[in-house]
Amino acid sequence: MGKSPLILAALAQAAVPASKFTQVTPLSRDGSGPYDSILLTLESGDHLVAKVARTPKADADLVTEVRALDALTNAYRARLPFQVARRLAEMPAGNSRHIYVFDFIYGSAVSINQVAADSPLASSLGEALAAIHNLPLNLVQATGLAEFTSAEIQRQRVAELDRALATSKIPPVLAQRWDEALEDVSLFRFQPCVIQGSFNDGSVLTNDTEVVGVLNWSHIQIGDPADDLNWIAASNDPELIDRVRSTYSAQRSGFDKALWRRAQLYSEFEIVRWLLHGVATNDAETVADAEEMLAALVAEVESGAAPDLVDRPEPVFAAATGQVVETTATGGVRVIEDDLVVTYVAPDTEPVVTVAASEEINLALESEVDTDSTEPIAVVDDKTRPIELPPKGDNELF
């Protein structure tokens, strides 16, 4: 059983004795959830929040969040275009736990499905995410918080999928889709950065036009930026994703062309986590809900509505006829008809190769060609041809 609002208020008053409260409002939802929390109204009209964990895990998360908030000094906060709460005080609350008092961040929670692609809020989301991901790594490293490499993150996702497959509740279409993505080495070539770790509608506060606050920093770590972007990808709104991506990319150094494909993968894995939670807690209703979401995703994949998770080669066209030429699984080219002039369009570049072909051609782009380059790719014709000699003059013997 959680603590009553009056007990929490008394503990908070002891933690900040100089403050006087005129009103106490419960914030905990129907007495459930991992925390007991209250909103305290001061004589000045300002507000504070007091929070205490209900379970050992919630207490560990709260301690981590407090470490992160304390590490966010004024210099770091100045880099962020939104507010982050500050720990003002703490007080023992029994059971080896503490009650923490924070300043209150004003704003409203928002669902990603309520954000219009052409709204200022869409751009603000991109700016907020870029600012978090641009924070120096030392913020996390000096605090002793979690740090993961790209290889470790890939292994974690593989293990997660293995646990889900063991339930026998993952449709074959999705099992193949996710297995193919997780085996794609190029998908996980990225530079880890500081991430918030739970960027979603429970953490983001807005004033309808911009992000004004971000809550819940218990999962801050050095990890995959796509983790913070999966909430945007889950919108299934290509225009919104493009707007956020445009703003985000303009403020982030480096180029990770697989970033948004991983974000899509992680948004789909949220269903996997929901399923695993239901199985672990023997909650039939949660399991049924997850299975319904999996079925909806299968329909999107089979209809072609779901974005690709792996980088597919661009179609190759015959220059003379416009006929699509078959591409191989390795990214090479197979000419269907003899004597076609074929132009290969490399990803993210203008057409760079034009060759005359009557046999199979394999450009081996993935292994031998830097597809980010715009330099022409040389195609060597090694066929044997007769040697043509110049005609002899009247006085030449040889």
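The values are calculated or read from the model by the stated rules, or taken from the named source; none is laboratory data. These figures come from a predicted structure and were not determined experimentally. Backbone-built Cβ (ideal geometry, glycine too); neighbour counts: all protein chains shown.
Residue count for segment 238-258 satisfying the condition of being of a type in the set (A, V, I, L, M, F, W, C), surrounded by 19 or more Cβ atoms within 10 Å (Cβ to Cβ) and assigned to a helix (DSSP H, G or I): 3.
Among the criteria (1) in contact with a helix residue (DSSP H, G or I) (Cβ under 8 Å, 6 or more places away or on another chain); (2) aliphatic (A, V, I, L, M); (3) in the same structural domain as GLN196 (by TED's automatic domain parsing), the one ALA159 does not fulfil is (1). Taken over segment 148-189, the criterion of being under 27 Å from SER253 (Cβ atoms), of a type in the set (Phe, Trp, Tyr) and crowded, with 18+ Cβ neighbours inside 10 Å is satisfied by PHE188 alone.
Only one entry of ARG155, ARG67, ARG79 meets the criterion of being within 30 Å of PHE188 (Cα to Cα), in a loop (DSSP other than H, G, I, E, B) and of a type in the set (D, E, K, R), and that entry is ARG79. When ALA50 is tested against the conditions (1) touching a residue at least 40 places away in the same chain (Cβ under 8 Å); (2) loosely packed, with under 15 Cβ neighbours inside 10 Å; (3) in a strand (DSSP E or B); (4) not charged (D, E, K, R), the lone failure is (2). The single residue among ALA71, ALA151 that is outside the structural domain of SER37 (by TED's automatic domain parsing) and either in contact (Cβ under 8 Å) with a residue 12 or more places away in the chain or not aromatic (Phe, Trp, Tyr) (or both) turns out to be ALA151.
Any idea which residue in segment 36-47 is modelled with the highest pLDDT, counting only those that are closer than 15 Å to ALA85 by Cβ and buried (at least 19 other Cβ atoms within 10 Å of the Cβ)?
If we filter segment 36-47 for residues that are closer than 15 Å to ALA85 by Cβ, which is where we start, we get 37-40, 46-47.
Still in the list and also buried (at least 19 other Cβ atoms within 10 Å of the Cβ): 37-38, 40.
Working: SER37: 93, ILE38: 93, LEU40: 96.
Per the stated criteria, the residue is LEU40.
Condition first: within 20 Å of ARG54 (Cα to Cα) and buried (at least 16 other Cβ atoms within 10 Å of the Cβ). Now tell me which residues in segment 14-25 satisfy that. Across segment 14-25, the qualifying residues are ALA15, VAL24. Across segment 161-180, the qualifying residues are those that are in a loop (DSSP other than H, G, I, E, B) and aliphatic (A, V, I, L, M), and the one among them that is nearest to VAL287 (Cα to Cα) is ILE170.
Might you let me know whether segment 84-92 holds any residue that is among the aliphatic types (A, V, I, L, M), at pLDDT below 95, crowded, with 18+ Cβ neighbours inside 10 Å and not in a strand (DSSP E or B)? No - not one qualifying residue is present in segment 84-92.
Considering segment 199-217, the residues that are surrounded by fewer than 20 Cβ atoms within 10 Å (Cβ to Cβ) and among the small types (Gly, Ala, Ser) include one that is modelled with the highest pLDDT, namely SER203.
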